[in-house]
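What follows is calculated from the coordinates using simple rules that are stated; it is not laboratory data. Worth saying up front: this structure is predicted, and the values here are computed from it rather than measured. Here the Cβ positions follow ideal geometry from the backbone for every residue, glycine too, while neighbour counts run over all protein chains shown.
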Amino acid sequence: MMLRTIFFGCSAALFSAFLGGCYGALAPDNRLYPSGIPPHQQTGVVTLGPTYSFRFVEKWRISHAWVQGVNILPCRYRGNVFGRLPGFSSLASEAQGPMFEHGGGVYSATTFEKTGDQIVFFELSYQLLGERTLDRKFEGKYTPFCSQPFSSPNGMALWIVKPDAAKGTDMWVDGAVPTVINGRTWLVKKVPSVDMGPASDRASPMEYWTLKIPNSPYWLHMRFSGSRRSIEEYPTEHTHLLALFHQLIESVKLEPITPVDPSSMPPFILSTPQPKQEAKK
């Protein structure tokens, strides 16, 4: 089985630790491919990709680009159900669905599969709160909306969270340096690369970029991961991916929006999470 350029099938841990279960290299034209694979079997070019845009807590329009290429993982935002249902023109302009604040949580809208037109709302608890909806159990980590590990030990990800010191978010900004990008002040924390071992395919965070979303308790957080091995053995790839990550930072926009008239909102019906059924013994 030929290894792929973007190795998201190697391990589930890739999303949290950016582990690369495979090795790779970068040709002079920025084509990523596994070591030892002949040039005619090279896969794709990793470049700056699509822009995602959505309404956030009826205060801001958040937009940002993401990377693209063969087997690049798309960001995990919900599609906009208001774009295919009549009567919601004020909420239908973005491709990604709006995120609404309600009772201390943030919710996204979907429709019941049986009817296709009844709108229900489910809480983005793993992403925004770092906990499960069903029993409010603290899981200890936030799930990113966008994440991508690469063939060498590099990775990048994007979160939107409600920070909580008990869940480690203070560490993201401790010692950070304020840095203005496109008129917005980011808190930037850079740490030295870690020697994970001469043959390790693991990566660790090297750059933390945190943007506190004004007039809200939420943060937009982006992170780049690498290792001493990714720098020393794959310097061209590491430099290329880090430059793309900085382009992603520059692509982030927060634009103030006018909240929709409450009378134009559908009833706030909560989707009831169902407990997982235990496997039959």
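Amide H contacts of Gln96: Ser53, each under 5 Å away and 5 or more positions distant or on a separate chain (H built 1.01 Å from N in the peptide plane; Pro and chain starts excluded). For the residue pairs Lys137/Lys189; Lys59/Lys162; Lys141/Lys212, the C-alpha atoms sit more than 27 angstrom apart in Lys137/Lys189. Put simply, when 219-230, 71-82 are sorted by average Cβ atoms within 10 angstrom per residue, most first, you get 219-230, 71-82.
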